[in-house]
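> Below is the structure I would like to discuss, written out as structure tokens.
The numbers here are math on the coordinates, done by the rules we state, and not lab data. This is a predicted model, so every value here is computed, not measured. Heads up, the Cβs are rebuilt from the backbone with ideal geometry, glycines too, and the neighbour counts pull from every protein chain shown.
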Amino acid sequence: MANLLEERMQQSFINHVDENLLMDCMRCGFCLPACPTYLITDQDEVHSPRGRIALMKAVRDGEVKWDGSVEEAFDVCLGCRACEPACPAGVQYGTLLEETRYAVQQAKPIGLSEKLTRKVAFDGLFANQQIMQGTVKLIQFYQTTGIQKVARKIGFMELFPKTLRDMEKVLPKITSKKQSSSPSNPKIKVAFFTGCLMDTMFQQTNQRTIELLESLGAEVVVPKGQACCGALHGHSGEIPKAKRNALQNIEAFQHTDYSYIVQNAGGCGAFLSEYGKLLATDEAKRFSEKLIDISSLLVQLGLTDKMARHQVPVEGIVTYQDSCHLRNVNKVWLEPRALLQASPGWEFKEMPNASGCCGSAGIYNILQPEIASQLLEQKMKGVRTVRPARIVTTNPGCLLQMKVGIEREGLTDEMEAVHIVDFVYESIFQTTKGV
Amino acid sequence: MEWLQELQGIVGEPNVKTSRAQLAAYSYDATAGFQSAPDAVVSPASTEEIAEIMKLCGRFKKPLVPRGSGTNLAAGTVPTQGGIVLLFNRMNKILELDMANLCVTVQPGVITADLATFVESNGLFYPPDPSSMKISTIGGNVSENSGGLRGLKYGVTKDYVMALTAVLPNGQTIQTGGKLAKDVAGYDLKSLLVGAEGTLGVVTEITLKLIPLPRTQKTGIAYFTSLEAAGATVSEIIAAKIIPATLEFMDRGTMDAVEQFMNLGLPEDAEAMLLMEQDGDEDAVERDVNQMIALARANGATLTAVARSTEEAQRLKAGRRAALSALSRKRPTTILEDATVPRSELAKMVRAIEQIAKRNQVEIHTFGHAGDGNLHPTCLTDSRDLEEMARVEQAFAEIFEAAIDLGGTITGEHGVGEMKSPYLEWKIGPQGIELMKVLKQAIDPDNICNPGKLFAKSTKPRVVLHYG
């Protein structure tokens, strides 16, 4: 049996992992200091981008036979893609990881999805619920939502036990957006990608996103028929399903005339911006080119200048946790910081290693709880040196992870983790009563 | 497997790696075309544990291959004969900063850039700056005698090593050198171990000399329409008794690749670029940079600039910094060499490389450290194309020959490793090889320490170059 699996795996890698992309790696090792899992595992080459690429190639070439240790190497990767900006040779690591996970998924007797669902159901929910007993509802909600996210995105709801299906039902349903006070003479028209998680758990953040944009003279449309971006599918080796969602979104956004497609979740944004690469069609490329993240759009519409005019006494310290994908894939890190620096009533302080992954990484914190916890612990050490009243993030996964971090460290009286839209909204409308 | 059990007994089971994935992950370094898995990968925590591992390797005749971060460019850290790969990830502490003697004592696993940042925060300076310094280890730098951009003015790693602790192949531990500017007691064993590429023992503790941190630095740049004009400028800068902190070079092909990759607006007619940096006291720095720019102009530089701010300096440096990135994107395989010549021969060497590339129909572009004649002819190829690889090998053989002809060497800072071992005799002659073999035999009679490196099974027949 084992030999059959080894052969099937090699064939699957030959079929699905692009040799030319593997060849781009010249093994210089410049990615190593950028990789959170390499650093947290005491510099284990297996858990480095260079090591994983070498393993992808070795499996493909038949030099290394598939086994649990090889599988683990790919599972432990956060997919944060911090290696990409560090790479002198422009290796497309994100693509290679997706191809690898797809190849594994295709060749494994038990599908990755099933393993994932089991992991979420048994390890994630039940184990953690016991551990977490007595902590606030937030964490339970977090987990349930995590389950919901996985379930809805991957479409394996039928594999969940009944209790989970019941939980799924009690979570808020997606509601259609009301068009609020659209400016009469808009200076720009944008389409809003609402995101599946943002649109349920963070509905208020989405509503405020629209309000902020409208207050800056933008007309915001929310095209109907949007689907989840497909990132979680793509990252878990479910490429065809990711493509299906991508096609649906491209369809949903093609009939409106607008300057940008704006989104407020770093993880989704990165995946949406790579539709062009995923589908390699002109429509997909056009879609990706129109994407912008909310921070960049707010800065472009002049919000930082407007806020800077409101001088109020500083009431607290705010710090920023980068969304890995917003930073490493979309190369956006200045704009969120510019917004925080300009926010009336706040002093912005950079925390150590703000660009390092917090360990959330989609559902990584459920699949690899040990490493995720170590990363979070390290992250919170950095937070403690700044002692902020707010930790601002630009992605729901990071936001929840930072909330968990604050909770675990017993810092709930001192600080709060918030989405950048909520932070900016509150600092404008609650400190200075509007711009 | 008795040896494995003993190994686990020495360092503890969690510190020995033997899974398929782990053995594969330590089967390579940054050298194209070399890969070979070890039998085990071990992470000791002390000199004593390394001594025990060494004795074990002696008894079981297991090769021992010390490895820092695996950025070697000559296959020096590939376990090509199997055996045990020795890691320093648990020996990565800065042990002592001695302000009275201006030195720092470290374990081999300390990352070069971390050490540089640490000493600079104390107003001190550790100048060797290999391009891989963000991830390379001090132990690796010592064993390879690594260079960097500042070699001309500040020297290389060996110029900063004051003392070493090392475990010898017989399992004994020696301490050599000291916190001393002068020390002539016996053979300079410290210098023998620096750059020995792990073939004579394992370095386990290092004391490094530090110097005061220069107060300011300034950057200038010059573009030339001829290679020879750039070469003449380098010679005249040195003749004018200016020793710049860095003096970097890019040829036409490298600039083309950079321009394609970054759109910096580099001048289209330029055949060569020189990037100059001086550090020190403000007045002297100002004077030196201005004089270097004046010399460049006198030699026909078509475009020159001096940075007025740190940001401007970063912009001037952007092209040179991106050289390897830009080149490596052109073809699947990138082979970075480091043939080195006396600085007066720079232009001749770059011309020779151009001709050799043309003759062998391979793509080679050159950048590097003009001030110390350390060039990086970089070949862009595809390791899957065996016919092309044969031409690449021929071209590099000719490049080594040309460098030696001009009074240079086959490697300035990357080391010989296994990759360049067939060419070592070209540089040091049969007598040199003989003496090295005697030394190796005396110190490591069973060939335990990094076997297969430095010494080739057979030397390549020398190529005859026809110029013109």
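> Convert each backbone phi in region A:28-36 into a coupling constant with the Karplus relation 6.51 cos²θ - 1.76 cosθ + 1.60 (shift: θ = phi - 60°), then list the ³J(HN,Hα) values in order as whole Hz, x for Gly and Pro.
Those phi angles translate into 6, x, 5, 6, 4, x, 8, 8, x Hz.
> Separate question: Can you figure out the FRET efficiency of A:Asn20 with B:Asn263, using R₀ = 22 Å and their beta-carbon distance, to the nearest 0.05?
Working: r = 24 Å, r/R0 = 1.11.
The value I calculate is 0.35.
> Are there chymotrypsin sites (Phe, Trp or Tyr not before Pro) in region B:388-468 that DSSP puts in a loop and that have at most 16 other Cβ atoms within 10 Å, and which ones? Don't skip to the end; give the middle numbers.
Working: sites: B:Phe396, B:Phe400, B:Tyr423, B:Trp426, B:Phe455, B:Tyr467; in loops: B:Phe455, B:Tyr467.
Those satisfying the criteria are B:Tyr467.
> I want to check the label-to-label distance for B:Ala45 and B:Thr310. Put each point 7 Å from Cα in the C-beta direction and report it in nm to one decimal.
Spacing of the two 7 Å Cα→Cβ label points: 4.0 nm.
> Now for a separate question. Ignore the peptide's own chain and count Cβ atoms of other chains within 10 Å of each Cβ in B:129-141; give me the average, rounded.
Working: counts 0, 0, 3, 4, 0, 6, 12, 1, 1, 0, 0, 0, 0.
Per residue, the average neighbour count from other chains is 2.
> B:Ala239 to B:Leu435: FRET efficiency via 1/(1 + (r/R0)^6), r the Cβ-Cβ distance, R0 30 Å, to the nearest 0.05?
Details: r = 36 Å, r/R0 = 1.19.
Given R0 = 30 Å and the Cβ-Cβ separation, E is 0.25.
> Right, next: Compare the peptides A:354-367, B:100-113 by average per-residue count of other Cβ atoms within 10 angstrom and give them in order, highest first.
Working: A:354-367: 24.8, B:100-113: 20.5.
Result, highest mean first: A:354-367, B:100-113.
> Stretched out fully, how many nm does the piece from A:Thr412 to A:Ala227 gain, at 0.36 nm a residue minus the Cα gap?
On the way: separation 185, 0.36 × 185 = 66.60 nm, distance 3.43 nm.
Full extension from A:Thr412 to A:Ala227 adds 63.2 nm.
> Related question: Name the longest site-free stretch of chain B, where the excluded sites are trypsin sites (Lys or Arg not before Pro) in a DSSP loop with no more than 12 other beta-carbon atoms within 10 Å.
Longest site-free region, per DSSP loop and neighbour criteria: B:94-181.
> Follow-up. Once label points are set 7 Å from the Cα along Cα→Cβ at both B:Glu2 and A:Lys285, what is their separation, rounded to one decimal in nm?
6.7
> May I pose another question? Could you line up B:Asp385, B:Asp279, A:Asp293 from fewest to most neighbouring Cβ atoms inside 10 Å? Before the final figure, lay out the partial values.
Values: B:Asp385 14, B:Asp279 22, A:Asp293 27.
Lowest to highest Cβ neighbour count: B:Asp385, B:Asp279, A:Asp293.
> Calculate how steeply helix B:227-239 sits against the longest principal axis of the alpha-carbon atoms of chain B, using the helix alpha-carbon long axis, and give the answer as 0 to 90 degrees to the nearest 10.
70
> Take peptide B:109-116, look around each residue's Cβ out to 10 angstrom, count Cβ atoms belonging to other protein chains, and average those counts.
Values: counts 1, 0, 3, 0, 1, 1, 0, 0.
Average neighbour count from other chains, rounded to a whole number: 1.
> Among A:Glu238, B:Glu96, B:Glu271, what is the fewest-to-most ranking by other Cβ atoms within 10 Å?
Details: A:Glu238 26, B:Glu96 11, B:Glu271 18.
By the 10 Å Cβ count, ascending: B:Glu96, B:Glu271, A:Glu238.
> Whole-Hz ³J(HN,Hα) for each residue in region A:384-396, computed from phi via Karplus 6.51 cos²θ - 1.76 cosθ + 1.60 with θ = phi - 60°, x for glycine and proline: what do you get?
Listing the rounded values in order: 4, 5, 9, 6, x, 8, 9, 10, 9, 10, 10, 7, x Hz.
> A further question follows. Separation of region B:418-468 and region A:346-425 by C-alpha centroid, Å?
Taking the Cα centre of each part, region B:418-468 and region A:346-425 sit 55 Å apart.
> For the pair A:Glu63/B:Arg351, report the inter-label distance in nm, with labels modelled 7 Å from Cα in the Cβ direction.
Spacing of the two 7 Å Cα→Cβ label points: 4.1 nm.
> By how many degrees, between 0 and 90 and to the nearest 10, does the Cα long axis of helix B:386-405 differ from the longest principal axis of chain B?
Helix B:386-405 sits roughly 80 degrees off the main axis of chain B.
> If I take R0 = 22 Å and measure r between the Cβ atoms of A:Glu72 and A:Leu5 in this structure, what FRET efficiency does the formula 1/(1 + (r/R0)^6) give, to the nearest 0.05? Walk me through the numbers before you get to the answer.
Values: r = 15 Å, r/R0 = 0.70.
Here the calculated transfer efficiency is 0.90.
> Ignore the peptide's own chain and count Cβ atoms of other chains within 10 Å of each Cβ in A:38-46; give me the average, rounded. List each step's numbers first, then the result.
Values: counts 2, 0, 0, 1, 6, 12, 9, 15, 10.
So the per-residue partner count for this stretch is 6.
> Let me ask you something else. Against the longest alpha carbon principal axis of chain B, how many degrees, from 0 to 90 and to the nearest 10, is the axis of helix B:282-298 turned?
Long axis of B:282-298 versus the principal axis of chain B: about 60 degrees.
> Counting only residues 5 or more places away or on other chains, whose amide H sits under 5 Å from the amide H of B:Thr366 once H atoms are built in the peptide plane?
Correct list: B:Asp251, B:Gly253, B:Thr254, B:Thr378.
> Sticking with this structure for a sec: Ordered by packing density, taken as the mean number of other Cβ atoms within 10 Å over each peptide's residues, highest first, how do B:39-47, A:301-309 rank? Could the numbers behind the result be given before it?
Working: B:39-47: 20.8, A:301-309: 16.6.
Going by the mean number of other Cβ atoms within 10 Å, highest first, we get B:39-47, A:301-309.
> Here is a further query. In whole Hz and in residue order, list the ³J(HN,Hα) couplings for region B:242-249 that follow from phi through the Karplus curve 6.51 cos²θ - 1.76 cosθ + 1.60, θ = phi - 60°; x for Gly and Pro.
The phi angles translate into 9, 10, x, 5, 9, 9, 9, 10 Hz.
> Using the alpha-carbon centroid of each, what span in Å lies between region B:279-310 and region B:362-380?
24
> Another question, then. How much length, in nm to one decimal, is gained on full extension between B:Val463 and B:Glu387, taken as 0.36 nm per residue of separation minus their Cα-Cα distance?
25.5 nm
> Length gain on complete extension for the stretch B:Lys358 to B:Ser344, per 0.36 nm per residue less the alpha carbon to alpha carbon distance? Please report the intermediate quantities before stating the final value.
On the way: separation 14, 0.36 × 14 = 5.04 nm, distance 2.36 nm.
Gain in length upon complete extension: 2.7 nm.
> Here's something else I'd like to know. Hey, what number do you get for the protein assembly as shown at 222 nm if only DSSP H runs of n ≥ 4 count, each worth -39500 (n - 2.57), divided across all residues, to the nearest 500? If you can, show how the numbers build up before the last one.
Values: 40 runs with 396 residues, N = 903.
When only DSSP H runs of four or more count, the value is -13000 deg cm²/dmol.
> Also: Can you give me the C-alpha center-to-center distance between region B:117-157 and region A:269-290, rounded to a whole angstrom?
Region B:117-157 and region A:269-290 have Cα centres separated by 43 Å.
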